[in-house]
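The values are calculated or read from the model by the stated rules, or taken from the named source; none is laboratory data. As the structure is a computational prediction, the values presented were derived from the model and not from experiment. Heads up, the Cβs are rebuilt from the backbone with ideal geometry, glycines too, and the neighbour counts pull from every protein chain shown.
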Amino acid sequence: MKIQNLRKSNQGFTLIELLVVITIIAILSSFVVPGVQGVRERAYRTKDINNQRQILLGCNIYAADNEGSFPIGLEDEEESEGGEEASATTSVEIFNELYPSYIDNKSIFWIKTLDPEKQRSPTEGGEIEPEECAFAFVVGQHTVSHSSSPLIADGEMDGPGEYGEYHPWLRSKKAVVGFVGGHVIELPLSSGDPGATVESRDGKMKNIFEERAAGEDAEGGGMLSVPQDNVLLPD
């Protein structure tokens, strides 16, 4: 009797028991994997926020050297007529004014997005290239511009404030925006689909990247202190 019981105890799992165990593991994984992905995304967004804070700091140091003006894109004196200033057409041109004199780490201007051309972190040296830049910049502002006017933001946009399919926080319906006043915050997107716009926290503004309405009692519009055309994308 003892020998028979020992053999029965060594038979292992039956097929049904094995299927039950696999099912339980699959159910537990369905709870764990999204949680891990959520933690990873929050870590990337934290990096996004920190990068934008560094860029804002560089912008303010630049402004201190230039009578309160943030970068607007300067042509080389030999190329411009009389060495005059010329407005940039992309945020990359703006950031090349900051790097390396005001921000000495090129990686500050990059975060990993869903864009297949922006998967590799930048290499040091040389100018910042479009594939090494992940942020938009609002040109033509000063330190005395409205403090709640956007200055920098996640740059995977199809248009000013309209996020495209490569935006890393699209499904989470979030965007990270840095303001003239020096603060960087997460704001909600109108949807999780391409074309989503950045809303104000109270939901009253459907696209903060629209020009601010004139007058104290004016309604509508967005938060920009400058025309919407001043929102420059990386490329």
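What to note about this one:
- If you filter the stretch 196-230 down to residues that are touching a helix residue (DSSP H, G or I) at 6+ places or on another chain (Cβ under 9 Å) and outside any loop (DSSP other than H, G, I, E, B), you find that the one that is surrounded by the fewest Cβ atoms within 10 Å (Cβ to Cβ) is Glu211.
- With respect to the conditions (1) over 21 Å from Asn50 (Cβ atoms); (2) buried (at least 22 other Cβ atoms within 10 Å of the Cβ); (3) at pLDDT 95 or above, Asp193 lacks only one, and its number is (2).
- Test: residue in the stretch 80-89 that is modelled with pLDDT of 95 or more and either part of a helix (DSSP H, G or I) or of a type outside the set (Asp, Glu) (or both): no
- Looking across the stretch 108-117 at every residue that is in contact (Cβ under 8 Å) with a residue 40 or more places away in the chain and not in a loop (DSSP other than H, G, I, E, B), the one that is farthest from Glu156 (Cα to Cα) is identified as Ile108.
- Condition broken by Pro100, with the remaining ones in (1) surrounded by 10 or more Cβ atoms within 10 Å (Cβ to Cβ); (2) over 22 Å from Val180 (Cβ atoms); (3) within 23 Å of the chain's Cα centre (by Cα); (4) at pLDDT below 90 satisfied: (4)
- Pick from the stretch 118-137, criterion assigned to a helix (DSSP H, G or I) and of a type outside the set (Lys, Arg), ranking: surrounded by the most Cβ atoms within 10 Å (Cβ to Cβ): Glu132
- The lone exception for Asp235 - which of (1) within 16 Å of the chain's Cα centre (by Cα); (2) farther than 24 Å from Glu41 by Cβ; (3) buried (at least 22 other Cβ atoms within 10 Å of the Cβ) it fails: (3)
- The set of residues in the stretch 2-47 that are outside any helix (DSSP H, G or I), modelled with pLDDT under 80 and either of a type in the set (Val, Ile, Thr) or surrounded by fewer than 10 Cβ atoms within 10 Å (Cβ to Cβ) (or both) comprises Asn10, Gln11, Gly12.
Residue-by-condition table, conditions (1) closer than 19 Å to Arg53 by Cα; (2) among the aliphatic types (A, V, I, L, M); (3) buried (at least 20 other Cβ atoms within 10 Å of the Cβ):
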{"position": "Ser147", "(1), (2), (3)": "yes, no, no"}
{"position": "Leu151", "(1), (2), (3)": "yes, yes, yes"}
{"position": "Tyr163", "(1), (2), (3)": "no, no, yes"}
{"position": "Arg171", "(1), (2), (3)": "no, no, no"}
{"position": "Val176", "(1), (2), (3)": "yes, yes, yes"}
